[in-house]
Amino acid sequence: MNADEAAHVLAPYEDAIAVTSVTAGAASAAISLPSGPGAYFSIAIDKGDGTDSGAYLTAKAGAAPANPNPTAVSGTGRTMWFDAASIRQLVFRAGDQFKVYVPGTGTYYVRQYRSSP
């Protein structure tokens with residue numbers, strides 16, 4: 001995203017927020033972002049009660065990435081921790097796919113929203 005695009009970041013309008021539930025303690029299935037020219041997306045993760053969460057994350061352009069593996073030191077799935085604030089700052093392109101691993105137990109919600117014009 002260049003400076004001109006960043007100056008026009010859109011609010012996450014309710015009809016444009018996609019929500020996927022994931023189970024903590026396991027890698028999620030691949031979550032696909034819509035395809036289309038010029039679209040960027042951001043994500044947020046929470047418990048549905050206002051408690052934000054970070055996650056380990058892997059992403060790939062146009063295909064499913066490997067499962068995020070927080071303890072991998074070689075091979076696919078190597079990842080890093082993104083806290084809740086950092087994960088909201090990530091920007092994905094249309095057509096990207098990503099997987100998350102949220103430590104702990106219970107259900108979390110991955111919210112995807114358009115982050116550029």
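Considering only the stretch 102-117, how many residues are part of a strand (DSSP E or B) and of a type outside the set (Lys, Arg)? Steps first, please.
From the stretch 102-117, those part of a strand (DSSP E or B) are 107-114; that's our starting set.
After this cut, where a residue has to be of a type outside the set (Lys, Arg) as well, the list is 107-110, 112-113.
Going through the stretch 102-117 one residue at a time, the tally reaches 6.
Hey, could you check the stretch 30-88 for residues that are aromatic (Phe, Trp, Tyr) and in contact (Cβ under 8 Å) with a residue 40 or more places away in the chain and say which is nearest to Val102 (Cα to Cα)? Quick ask: steps written out before the conclusion?
Filtering the stretch 30-88 for residues aromatic (Phe, Trp, Tyr) gives 40-41, 56, 81-82.
Keeping just the survivors that are in contact (Cβ under 8 Å) with a residue 40 or more places away in the chain gives 40-41, 56.
Working: Tyr40: 23, Phe41: 20, Tyr56: 6 Å.
Going through the qualifying residues, I end up with Tyr56.
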Consider Ser86 against the criteria (1) within 15 Å of the chain's Cα centre (by Cα); (2) on the phi > 0 side of the Ramachandran plot: it satisfies all of them except one. Which criterion is unmet? (2)
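For the stretch 9-101, which fully contained strands (runs of 3 or more DSSP E) count at least 3 residues that are closer than 22 Å to Ser115 by Cα, in contact with a Pro (Cβ under 6 Å, 6 or more places away or on another chain) and among the acidic types (Asp, Glu)? So that I can check it myself, show each step before the final result.
Details: elements: 18-23, 40-46, 55-61, 96-101.
Hits in the stretch 9-101: none.
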Residue satisfying all of: in the stretch 100-117; modelled with pLDDT of 90 or more, of a type outside the set (A, V, I, L, M, F, W, C) and surrounded by 18 or more Cβ atoms within 10 Å (Cβ to Cβ); farthest from Thr23 (Cα to Cα) among these: Gln112
Would you mind stating whether Gln97 is in contact (Cβ under 8 Å) with a residue 24 or more places away in the chain and either crowded, with 19+ Cβ neighbours inside 10 Å or closer than 12 Å to Phe41 by Cβ (or both)? yes
Whichever residue in the stretch 7-57 is touching a Leu at 6+ places or on another chain (Cβ under 9 Å), surrounded by 14 or more Cβ atoms within 10 Å (Cβ to Cβ) and hydrophobic (A, V, I, L, M, F, W, C) and, among such residues, is modelled with the lowest pLDDT: Ala39
Scan the stretch 57-90 for residues that are under 23 Å from Ala39 (Cβ atoms) and of a type in the set (D, E, K, R) and jot them down. Lys60, Arg88
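The values are calculated or read from the model by the stated rules, or taken from the named source; none is laboratory data. Quantities reported herein were computed from a predicted structural model and do not represent experimental measurements. Methodologically, a virtual Cβ is constructed for each residue, glycine included, from the backbone with ideal geometry; neighbour enumeration extends over all protein chains shown.
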